[in-house]
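One structure is given below, encoded as structure tokens.
The values are calculated or read from the model by the stated rules, or taken from the named source; none is laboratory data. Predicted, not measured: the structure shown is a model, and the values here were computed from it. Cβ atoms come from the backbone with ideal geometry, glycine included; neighbour counts cover every protein chain shown.
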Amino acid sequence: MKTVILSSDPASLRRAADHLLSGEVVAIPTETVYGLAAVGLNPDAVKKVFAAKGRPSTDPLILHLSSPDLHQAIHAGILSENTPQEAFKLASVFWPGPLTLVLPRGPRVPPEVTSGLDTVAVRYPAHPVAQQLLALVGCPLAAPSANRFGRISPTDAQAVLQELGGIISLILDGGDCSTGVESTVLSLLPPEPTILRPGKITTEDITRMIGRAPRRQTQLSASNKSMPSPGMLESHYAPATPLYLAQGCLSHGQSGLIFIHYRTPREGISTNPFVLSPEGDTETAAKNLYRLLRQADTAKGKAIVIEPIPDGNLAPALRDRLQRASVGTARWNGTCWELQRRGEI
């Protein structure tokens, strides 16, 4: 199959919309990462998303709504009449944007989207190309990240091509993603609000809006078990090269290892181009994370070692992604970096 990258002009948007409405899949930009979209009310189209990614059916999808109006989603049968009031408050403030809400499912959502659960994850993206496409299609799009299952999420059209070239036919190019990591996933189901995946919308942001702090879900899932929401796999976002989390600053080099610094080292970066944020802010680091992981992966080292992420607005999201992408830890013993696989004694 030939994969074509389309621009985001009106004719290309119409072509992508028609492709989706015919039951096919299209890779689309959002502000977080690129998604592999299908009409979310078409079970056969949704199955094509799982097949293209090699994603297990136990891992539910996010529905990208065609409007930020939750009342409209309830009227359309996407959400239940029992949608909690806190959802309306959060959507009014954080949509369009990188917040996904897990809510009671409406009768029109097929079980293929939700992995058979009575809940559905929904959001309204901030990317203008995604919004225009959703308006043309006129119904929700199921769209997990446009990569092979478990691999690094794509944040530009070329990265999608690397992942799914020859597997899908159309990629809609909307430029680089502005956020760079997946959305915050918040469950509003009883007994209490729970962050299932951290992202740009923080615990503090949510607490200010609903008047109580959400719990953080720390127990992740294996791929053979049904998950309560997208983004809860214990192993995900991983390069093919083993990734290790350093226990300190990367002040020493070592042959065969690829090093990713958090910020520009004091001695400069003449021998190392991999720096998440030259000035040391987490928002820049998040935007660059997947791009640098992908570049480091192509450098063909025996392992990638990444510096710790200091505190900041997006630090929980970055640490979450790196923890799941990693295979172990790296420690400097005074002579060389010791690489220890997770679970080793």
Which condition number in (1) surrounded by fewer than 20 Cβ atoms within 10 Å (Cβ to Cβ); (2) touching a Leu at 6+ places or on another chain (Cβ under 7 Å) is the one that residue 26 fails? (1)
So in the range 192-208, with the set limited to residues that are part of a helix (DSSP H, G or I) and surrounded by fewer than 14 Cβ atoms within 10 Å (Cβ to Cβ), which one is nearest to the chain's Cα centre (by Cα)? 204
Filtered residues of the range 33-50 (kept if buried (at least 19 other Cβ atoms within 10 Å of the Cβ) and more than 18 Å from residue 148 (Cβ to Cβ)): 39, 40, 41, 42, 45
Extreme residue, nearest to the chain's Cα centre (by Cα), among residues of the range 174-191 that are more than 22 Å from residue 312 (Cα to Cα) and not hydroxyl-bearing (Ser, Thr, Tyr): 176
Selection within the range 132-187 - hydroxyl-bearing (Ser, Thr, Tyr) and touching a Phe, Trp or Tyr at 6+ places or on another chain (Cβ under 6 Å): 153, 155
Going by what's in this entry, would residue 171 be described as buried (at least 23 other Cβ atoms within 10 Å of the Cβ) and within 13 Å of the chain's Cα centre (by Cα)? no
Test: residue 93 is modelled with pLDDT of 95 or more, in the same structural domain as residue 190 (by TED's automatic domain parsing), closer than 14 Å to residue 141 by Cβ and β-branched (Val, Ile, Thr): no
From the list 67, 12, 57, exactly one residue is farther than 25 Å from residue 157 by Cα and of a type in the set (Ser, Thr, Tyr). Which is it? 57
